[in-house]
Amino acid sequence: MIPLTVGSLFSGIGGFELGLERTGGFKTVWQCEIDPFCLKVLEKHWPGVKRFADIKKMGIGEEIPYVDVICGGFPCQPVSCAGKRKGKEDTRWLWPEFCRVVRCVRPEWVLIENVPGLLSADSGRLFAGILRDLSESGYDAEWNIVSAASVGAPHLRKRVFVVAHCTSKQNDPE
């Protein structure tokens, strides 16, 4: 079986990549992470993989390599019920950058992770905007909340997962 190639946004220490690669069906091609400590961890576990340090600069002056899957969890602080929930007004609201990279690369699949507060932030308008952006970009999306406990972890840690599939290879709508 030929593995699907993966590009990871907001990579952290590579949790998405590790999980996907352990299935045997995925190979990480590039990662994007800004935190210096996390970058050291990524370099240790994925030496030789291309890394971008700032999502806001990705694709500016250099091409982003094509991948079959883009995965990532953009910062949750703007929508978390534990925070001020400033949504789009929070400087950490980086969904537009995530979407820009998806539109640039046009992968077959997009896998997004975030906190359940994403669904209710700004009375649901932020999540509706994410779904609209994906749809306008040619993707059909499904989502669900999954608890870590439901897959064997000793804690609850609920997360929203969105899986989007490219239904159209049309040109970028922008």
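How many of the residues in region 57-83 are open to solvent by 40 Å² or more (accessible area, probe 1.4 Å), under 29 Å from Gly117 (Cβ atoms) and touching a strand residue (DSSP E or B) at 6+ places or on another chain (Cβ under 9 Å)?
Within region 57-83, residues that are open to solvent by 40 Å² or more (accessible area, probe 1.4 Å), under 29 Å from Gly117 (Cβ atoms) and touching a strand residue (DSSP E or B) at 6+ places or on another chain (Cβ under 9 Å) number 1.
For region 93-174, which fully contained strands (runs of 3 or more DSSP E) count at least 1 residues that are over 20 Å from Phe16 (Cβ atoms)?
139-147
Name the single residue, out of those in region 31-59 being in a helix (DSSP H, G or I) and in contact (Cβ under 8 Å) with a residue 12 or more places away in the chain, that is farthest from Phe10 (Cα to Cα).
Ranking the candidates gives His45 first.
Kindly indicate whether Lys27 is without any contact (Cβ under 8 Å) to a residue 40 or more places away in the chain, farther than 27 Å from Pro116 by Cα, touching a Ser or Thr at 6+ places or on another chain (Cβ under 9 Å) and open to solvent by 80 Å² or more (accessible area, probe 1.4 Å).
yes
Which residues, counting only those in region 78-92, are acidic (Asp, Glu) and in a loop (DSSP other than H, G, I, E, B)?
Asp90, the sole residue that qualifies.
Six or more apart or on different chains, Cβ under 8 Å: which pairs go from a residue in region 61-72 that's under 13 Å from Arg100 (Cα atoms) to one that's part of a loop (DSSP other than H, G, I, E, B)? Could you list them?
What qualifies is Ile64/Met58; Ile70/Pro107.
For region 33-56, which positions are of a type in the set (A, V, I, L, M, F, W, C) and either at pLDDT 95 or above or surrounded by 15 or more Cβ atoms within 10 Å (Cβ to Cβ) (or both)?
Ile34, Phe37, Cys38, Leu39, Val41, Leu42, Trp46, Val49, Phe52, Ile55, listed by residue number.
Which pairs turn up if I take residues in region 83-97 that are modelled with pLDDT of 90 or more and look for partners that are among the β-branched types (Val, Ile, Thr) with beta carbon separation below 7 Å, at least 6 apart in sequence or on another chain?
Leu94/Ile55; Trp95/Ile130; Glu97/Ile55
Here are the criteria: (1) modelled with pLDDT under 95; (2) in contact with a strand residue (DSSP E or B) (Cβ under 9 Å, 6 or more places away or on another chain). Tell me which single one Met1 does not satisfy.
It is condition (2) that Met1 fails.
Name the one entry in Ser80, Ser137 that is within 20 Å of Phe10 (Cα to Cα), small (Gly, Ala, Ser) and in contact (Cβ under 8 Å) with a residue 24 or more places away in the chain.
The conditions single out Ser80.
For Leu156, are the conditions met, namely being open to solvent by 40 Å² or more (accessible area, probe 1.4 Å), touching a helix residue (DSSP H, G or I) at 6+ places or on another chain (Cβ under 7 Å) and either among the hydrophobic types (A, V, I, L, M, F, W, C) or modelled with pLDDT of 95 or more (or both)?
yes
So how many residues does region 3-24 have that are closer than 13 Å to Pro65 by Cα and either open to solvent by 10 Å² or more (accessible area, probe 1.4 Å) or acidic (Asp, Glu) (or both)?
1
The values are calculated or read from the model by the stated rules, or taken from the named source; none is laboratory data. Since the model is a prediction, treat every value here as computed from it, not as a measurement. Don't worry about glycine lacking a Cβ; one is built from the backbone with ideal geometry, like all the others, and counts go over all protein chains shown. For the accessible areas, the whole protein counts, side chains as well, though only heavy atoms, and no ligand, DNA or RNA atoms are used. Shrake-Rupley method; radii C 1.70, N 1.55, O 1.52, S 1.80 Å.
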